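The values are calculated or read from the model by the stated rules, or taken from the named source; none is laboratory data. Quantities reported herein were computed from a predicted structural model and do not represent experimental measurements. Using ideal geometry, Cβ is built from the backbone for each residue, glycine included, and neighbour counts are taken over all protein chains shown. For accessibility, only protein heavy atoms count, side chains too; no ligands or nucleic acids. Shrake-Rupley method; radii C 1.70, N 1.55, O 1.52, S 1.80 Å.
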Amino acid sequence: MTLNSPVPPSPALREALALHEQGRLKEAEARYGRILVREPNNALARFYLGLARLQRGDLAAGIAALQQVLKLEPGHVDAHW
């Protein structure tokens, strides 16, 4: 799934996003990780994984995830922060 995809997020991704919005970052990260095992090119899951890691203060891992997003979607503006 791409960041600009017209396809709505999967139930698993919606669940991860809900955890993220609730501030349950570790749980959200685990869900994003499970999604990425099945869909390694899911830029949306990888983007939010990077954000969750940054929010937790794990800057190196967050930046690494966002760099991977840019490899998948070089034009993604938010990943360039």
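The table below gives the values:
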quantity	calculated
Long-range neighbours under 9 Å by Cβ, at least six apart or interchain, first residue over 13 Å from Arg24 (Cα atoms) within the range 50-65, second open to solvent by 50 Å² or more (accessible area, probe 1.4 Å) and polar (S, T, N, Q)	Gly50/Gln67; Gly50/Gln68; Gly62/Gln55
Some residue of the range 47-58 being outside any helix (DSSP H, G or I) and at pLDDT below 95	no
